[in-house]
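The values are calculated or read from the model by the stated rules, or taken from the named source; none is laboratory data. Because the structure is a prediction, the values reported are computed rather than measured. A quick note on method: Cβ atoms are made from the backbone with ideal geometry, for glycine too, and the neighbour counts reach across all protein chains shown.
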Amino acid sequence: MILDGLANIKKAIGTLNPHEIREASDRSLRVVLHAPNGEAFNRLEQFFLQDLSPARRRNSAMQLIRAPLSPGAPPADLHVYDEGVSGVGEWPVFHPGHPRQFVHQTLNRFPQFGVPLAKSFLPFRKPFVERVITKTARENTMFSIATALPDIVPNVIELPWAVAEFASDTAFLTMNQVRMAFLIAAASDREVGYMHQKSEVAMVIGSAFGWRALARQLIGKIPFGGGLIAKAAVAYAGTKVLGLSLDHYYSIGFTYTREERDRLYADAFQQGKQIALKMLKFLRPDLAAKFSENARSGVRHSSVQAIDVRRPA
């Protein structure tokens, strides 16, 4: 079974090409700054370039251009306006008292620039990585639920990198986690690709079998369809803890301790159960209602038949 699982994972990962992420990482943005005076320009530049190493600061500083652009200059990728400038249109506005609001506004409006912004400017790094981890954990939760509901796939799961012929949900979850690892590495100003991240990819693949074994054990022991929620919560928690561990490693050079990972996993598992139940309510309100009703009843006898997850006729 382990060999079959590895073969399925290898096939799934073979569909994932890090070239697009590497290309986004290598992209140098042209960020044009608009400010009313020199002090405001300096404030904007200091915000973008804070806490960078000397080499990274030099490279990142070249991406910041003070307005106005000279005639014939290449067009800007992004315009950023200080709060003292009017007529900004749809471009993000920097308010010194609310820097996180500016970061989230920019990432929301220009998600295509998430990787190069995070790589070049530290204020964007943590928020972008958090978004990547959350998005991947939710996708894996949704996929874990949907694979147990035959009439849902592929109508609900429409991921641009998904492959319909996955032999197992473990293969998809693992592939999505590898993609997450590439994105976190790119955002952390690291080289991206299988050769550059051999140990990280090996860690993702190795952990996949542990999460799968735990999910199967929970499904077998929890009645009333609760195993479906538990399985999805395992997918969420495993993905989130892996993402947090990678971010921790790229940030400070070593991973969490076993005790720290256990605490993170326990919190993420509880969060995953709530998210999974909300997703189930959207996908199958009938099944979610039965699960909630049985959970409230407090009945826990293992001989009672579990809820059938197939949609009723």
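Okay, residues lined up against (1) at pLDDT below 95; (2) over 20 Å from Glu130 (Cβ atoms); (3) buried (at least 19 other Cβ atoms within 10 Å of the Cβ):
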site	(1), (2), (3)
Thr239	yes, no, yes
Glu260	yes, no, no
Gln271	no, no, no
Leu280	yes, yes, yes
Pro285	yes, yes, no
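Checked against the criterion of being out of contact with any helix residue (DSSP H, G or I) (no Cβ under 6 Å at 6 or more places or on another chain), surrounded by fewer than 16 Cβ atoms within 10 Å (Cβ to Cβ) and modelled with pLDDT of 95 or more, the candidates Glu165, Glu191, Glu130, Glu158 yield just one match: Glu130. Under the condition of being within 24 Å of Arg125 (Cβ to Cβ), crowded, with 22+ Cβ neighbours inside 10 Å and at pLDDT below 85, the residues counted in the range 202-237 number 1. Of the residues in the range 300-307, at least one is modelled with pLDDT under 90, farther than 17 Å from Ala148 by Cα and either basic (Lys, Arg) or surrounded by 12 or more Cβ atoms within 10 Å (Cβ to Cβ) (or both).
Among the residues of the range 247-258, those identified as assigned to a helix (DSSP H, G or I) and surrounded by 12 or more Cβ atoms within 10 Å (Cβ to Cβ) are Asp247, His248, Tyr249, Tyr250, Ser251. I'm trying to understand the selection: among the residues of the range 239-288, which are among the small types (Gly, Ala, Ser) and farther than 24 Å from Met203 by Cα? If the condition is that a residue be among the small types (Gly, Ala, Ser) and farther than 24 Å from Met203 by Cα, then Ala276, Ala288 are the ones that fit.
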